[in-house]
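Here is the structure we will look at, set down as structure tokens.
The values are calculated or read from the model by the stated rules, or taken from the named source; none is laboratory data. Everything quoted here is computed from the prediction, not taken from an experiment. Here the Cβ positions follow ideal geometry from the backbone for every residue, glycine too, while neighbour counts run over all protein chains shown. These accessible areas exclude ligands, DNA and RNA; they are computed on the full protein's heavy atoms, side chains included. Shrake-Rupley method; radii C 1.70, N 1.55, O 1.52, S 1.80 Å.
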Amino acid sequence: MKKKILIALAILLAIQLFRIDKTNKPINKNLDYVSLTYAPKNIEKILEKSCYNCHSNQTIYPWYANVAPISWLVKSHINEGKKFLNFSEYGLYNVYQKDHINKGLYEVIKNGRMPLSSYLFLHQEDNLSKEQRQELLNWFSIILNQ
């Protein structure tokens with residue numbers, strides 16, 4: 001039993017050598033969702049606080065993103081989030097993608113599917129209040145009807 005614990009501990013220590021890349025791409029405000037949609041300050045604050053951490057090039061990694069294998073899971077979730085939507089690169093999407101994105105944003109906020117409950121488990125401060133959800137829904141409605 002003692003040998004198995006030592007082996008497990010050695011493996012846990014060894015995998016710490018495999019670090020994730022926490023480098024964010026440079027920010028170009030001319031491509032950012034907030035800039036391109038002329039979002040008001042209240043919308044900008046909500047998006048940056050509750051969405052940009054996983055869906056932009058402005059990720060702030062939590063302390064546990066330094067501990068493998070948890071760090072690998074965190075990085076995978078962030079990469080997946082950016083694959084679906086990267087607010088920092090909104091200007092690179094074509095008009096059809098932007099329309100799809102804004103419809104999707106409306107739906108996930110309306111249905112309470114974002115932020116993810118798995119993210120909120122450790123980041124309750126990023127949860128959206130009922131009022132914030134309504135503000136976002138109103139904003140996305142405006143964007144969709146332009």
Dipole moment magnitude, nearest 20 debye, the stretch 69-146 about Cα centre, only Lys, Arg, Asp, Glu C-beta charged: 180 debye
Mean separation of Cα pairs under 8 Å and 6+ residues apart, divided by the residue count of the chain: what relative contact order is that in percent? 27 percent
Work out how much length Val95 to Asn79 would gain on full extension: take 0.36 nm times their residue separation and subtract the Cα-Cα distance, in nm to one decimal. 3.5 nm
Cα-based helix-to-principal-axis angle, 70-84 vs the chain, degrees rounded to 10: 20 degrees
Starting from the Cα of Glu48, step 7 Å along the direction of its Cβ; do the same at Asn24; then give the gap between the two resulting points in nm. 1.0 nm
Show me, bin by bin at 5 Å from 0, the whole-percent P(r) of the stretch 66-146 based on Cα pairs. 3, 12, 19, 23, 20, 12, 7, 3, 1, 0
Given Lys45/Lys82; Lys45/Lys110; Lys41/Lys75; Lys25/Lys83, which pairs have Cα atoms separated by over 24 Å? Lys41/Lys75
Wrap a convex hull around the Cα atoms of the stretch 1-92, take a quarter of its surface area, and give that in square nanometres. 7.2 nm²
Carbon and sulfur together cover what percent of the accessible area of the chain at a 1.4 Å probe radius? 63 percent
Under a plain spin-label model, where a point goes 7 Å from the Cα along Cα-to-Cβ, how far apart in nm are Phe121 and Glu107? 2.6 nm
With axes computed from alpha carbons, what is the tilt in degrees of helix 41-50 against the longest principal axis of the chain, rounded to the nearest 10 within 0 to 90? 20 degrees
Using the heavy atoms of the protein chains alone and a 1.4 angstrom probe, what is the accessible area of the chain per residue in square angstrom? 66 Å²
Counting only chymotrypsin sites (Phe, Trp or Tyr not before Pro) that sit in a DSSP loop (anything but H, G, I, E, B) with at most 13 other Cβ atoms within 10 Å, what is the longest stretch of the chain containing none of them? 39-120
In Å³ per residue, the alpha-carbon convex hull of the stretch 1-44 encloses 120 Å³
Taking only DSSP H segments of four or more residues, each worth -39500 (n - 2.57), what value at 222 nm results for the chain once the sum is divided by all its residues, to the nearest 500 deg cm²/dmol? -16500 deg cm²/dmol
